[in-house]
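Here's the structure, in structure tokens; my notes come after.
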Amino acid sequence: MTVYSSTSPEATRALGRNLSQRLAAGDVVLLQGDLGAGKTEFAKGIAEGFKVTERVTSPTFALLNIYQGILPIYHFDLYRLNRAEELYSTGFDEFLEAPGLTLVEWPDIFSAEMPEQYVRVKITNGVQLTERIIEIEWIGSRFAGRTEGSEMF
Ligand SMILES: Nc1ncnc2c1ncn2[C@@H]1O[C@H](COP(=O)(O)OP(=O)(O)OP(=O)(O)O)[C@@H](O)[C@H]1O
Ligand SMILES: [Mg+2]
């Protein structure tokens, strides 16, 4: 696991952009953190890295936004969901098999439904108002060889 400190929304987006260079179709990124932590800012950075030009927002009500960049990006927000059936009715399982990148805000209550291999991004508040502590952890052998030097960005 690597721990970063961000002191602005721009810096959080830059981290997302840097991470995007190590991501590929079929990967899943779980974005953890409280309301306003910066999950969507980080997702914006990933989307920028894949040359998405559409506006990236929390799909809190839509549950899913799909952006087309170099890859399709499936951006889920599970905040309003309570039951696994609700998650499945979004087509979540099919998107995991589809040729795009899956980003998930609020994955925690659905840990049993998440894939075994994923990138975990956890954002917590720092001491200053705009400070965020961002942990990035690569879980699973599919990421072998892709994490070297990632502590540098
Ligand atoms: N260092 C920082 N990194 C990210 N966001 C920051 C930072 N400092 C301040 N902010 C502000 O915090 C807010 C983060 O909002 P964002 O929508 O990304 O949160 P979120 O975690 O997706 O919340 P939600 O669970 O409601 O979807 C933005 O208003 C942003 O400007
Ligand atoms: Mg959000």
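Here, each number is a calculation from the coordinates, and none is a lab measurement. It should be emphasised that the depicted structure is a prediction, and the values quoted were computed from it without experimental measurement. Glycine also receives a Cβ, built like all others from the backbone with ideal geometry; neighbour counts cover every protein chain displayed.
I'd like to check something: does segment 113-125 contain any residue that is within 16 Å of ligand 2 (Cβ to nearest atom), over 16 Å from Leu23 (Cβ atoms) and surrounded by 16 or more Cβ atoms within 10 Å (Cβ to Cβ)?
The answer is yes; a qualifying residue exists.
Quick check on my filter: what residues within segment 85-107 are farther than 18 Å from Gln32 by Cα and either among the hydrophobic types (A, V, I, L, M, F, W, C) or within 15 Å of ligand 2 (Cβ to nearest atom) (or both)?
Of everything in segment 85-107, those that are farther than 18 Å from Gln32 by Cα and either among the hydrophobic types (A, V, I, L, M, F, W, C) or within 15 Å of ligand 2 (Cβ to nearest atom) (or both) turn out to be Phe95, Leu96, Ala98.
Out of segment 68-83, which residues are farther than 15 Å from Val29 by Cα and either within 15 Å of ligand 1 (Cβ to nearest atom) or buried (at least 19 other Cβ atoms within 10 Å of the Cβ) (or both)?
Hits for segment 68-83 are Tyr79, Arg80, Leu81.
State which residue is farthest from ligand 2 (Cβ to nearest atom) when the search covers only segment 7-38 and only residues that are surrounded by fewer than 18 Cβ atoms within 10 Å (Cβ to Cβ) and of a type in the set (Asp, Glu).
Among those that are surrounded by fewer than 18 Cβ atoms within 10 Å (Cβ to Cβ) and of a type in the set (Asp, Glu), it is Glu10.
Just for segment 41-70: of the residues that are in contact with a strand residue (DSSP E or B) (Cβ under 8 Å, 6 or more places away or on another chain) and not hydrophobic (A, V, I, L, M, F, W, C), which one is nearest to Leu81 (Cα to Cα)?
Going through the qualifying residues, I end up with Thr60.
I'm trying to understand the selection: among the residues of segment 131-149, which are of a type outside the set (A, V, I, L, M), in a loop (DSSP other than H, G, I, E, B) and loosely packed, with under 14 Cβ neighbours inside 10 Å?
Gly140, Gly145, Glu148, Gly149
Kindly provide the set of residues from segment 42-57 that are buried (at least 17 other Cβ atoms within 10 Å of the Cβ), over 10 Å from the mean Cα position of the chain (by Cα) and within 12 Å of ligand 2 (Cβ to nearest atom), ordered by number.
Val56
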